[in-house]
Every structure is written in structure tokens, then in C-alpha cells.
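Inspection log for the structure reproduced underneath, given as C-alpha cells.
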Amino acid sequence: MELNSEQIGRFWSKVAIKEFSDCWEWLGSKKVSGYGQLMLNYYNFYSHRISWQIHNGPIPKGLFVLHKCDNPSCVNPKHLFLGTQLDNMRDRNKKGRAPLGEKSNCNVLTNEKVLKIKQLYQKENKKQGEIAKLFNVSPQLIWNIIHQKTWKYI
């Protein structure tokens, strides 16, 4: 998307610039997630993506604009970098923002059930296949839990 001078002016009117190394906070509309957004040509665009384009040019197809600072409302170009979806997920995981355990929208177990699984295996010497049937999950999931591949924090 090409930005004209009026759109760039609207962008800057919604930015609180502090020190060069600090986060530059987006003062305009924000999504629930904290990411800034600006309507241009009847479409909402993320403010950090607009900042990238103003300072660095177009964003190559398939790439995301990520935050070094982990502040979704920051538009400081020094805090932004390009990455793939995989880079984005790895960055999220490294920063501890990945939904784990009960917070994940694709789990079938609860923390309480995982504790029971570990108890059945470690203290009651139940076989992994038996435990899997009790909880209606795969034996592989039970193996992953027991060997700390998943649900590591419990």
C-alpha cells in the first residue's frame, strides 16, 4: 500500500515519540490485543506495519512486522523487525506468551487431569495405554506428559 502525505500526517498525529531508544506509543485506536490500528482507504491497518512502511518501504509478501520490545502499541522503527510466521511463533514462545496447558484452545486436558495422569503412572504403576483409555486420549500424549515433552510446568 502506498501512503500519501496526508495519511502519513494522520499516522504521526497519533504517535507519542519519546527518546529515540524508547517505545513510541500509539495513541489512536487499538485492538483488544493492544495493537494500534489506523483506518486508511476504508480498511484498518496495524500501526506498527504502517511505521515499518514509512521507514523501510513495502513489507515483502508473506512477512510479518515483529516487535523486539514486545509492546504491541509501539511504533518505533528501531523496535521492529521482519520475520516469517514461524519467526513470529518462536518469538512469542521465547517471550513466554504462548498459551500453554489449560489456556491453549486446543487442549483436551486440565491441570488437574495431568497431575492425576502423572500420579497414576509414577505412584500407581499404571501402563501408559491404560491411562490413555481412562482419559480418552492417545498413548502418545500420555508419553509426552510423562517425559516432560508437554505440560512441562506441572
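Before moving on, here are some points about what is shown:
- With 0.36 nm allotted per residue and the present C-alpha distance subtracted, the R97-W143 stretch has 14.1 nm of extension available.
- Per-residue SASA entry for H67, accessible area with 1.4 Å probe, Å² rounded to 10: 10
- Fraction of accessible area attributable to carbon and sulfur, the range 1-44 (%, probe 1.4 Å): 52
- Calculated from backbone phi, Karplus (6.51, -1.76, 1.60) coupling profile of the range 19-29 in Hz, x at Gly/Pro: 5, 4, 8, 7, 5, 9, 6, 7, 9, x, 4
- Förster-model FRET efficiency, 41 Å R0, K78 and L40, C-beta, rounded to 0.05: 0.95
- Violating pairs (Cα-Cα greater than 26 angstrom) within the set K95/K126; K68/K113; K14/K78; K30/K94: K95/K126; K68/K113
- Averaged over its residues, the range 45-154 has an accessible area of 63 Å² per residue, based on protein heavy atoms and a 1.4 Å probe.
- In Å², nearest 10: area of W12 left accessible to a 1.4 Å probe: 80
- Modelled FRET efficiency - R0 22 Å, K68 with I17, Cβ distances, 0.05 increments: 0.80
- Here the sum of -39500 (n - 2.57) over DSSP H runs of 4 or more residues, divided by the residues of the chain, equals -10500 deg cm²/dmol at 222 nm, to the nearest 500.
- Convex hull of the chain built on C-alpha atoms - directionally averaged projected area, nm²: 11.9
- Each residue of the range 49-65 was assigned a 3J(HN,Hα) from its phi angle through the Karplus expression (A = 6.51, B = -1.76, C = 1.60, θ = phi - 60°), giving 6, 5, 4, 4, 5, 4, 8, 10, x, x, 8, x, 3, x, 9, 10, 9 Hz with x at Gly and Pro.
- Here r is the Cβ-Cβ distance between V108 and K30 and R0 is 25 Å; the resulting FRET efficiency, rounded to 0.05, is 0.15.
- Heavy atoms of V108 accessible to a 1.4 Å probe, total area in Å² rounded to 10: 100
The values are calculated or read from the model by the stated rules, or taken from the named source; none is laboratory data. Because the structure is a prediction, the values reported are computed rather than measured. FYI the Cβ positions are ideal-geometry reconstructions off the backbone, even for glycines, and counts take in every protein chain you see. Keep in mind that these areas ignore ligands, DNA and RNA; they rest on the heavy atoms of the full protein, side chains included. Shrake-Rupley method; radii C 1.70, N 1.55, O 1.52, S 1.80 Å.
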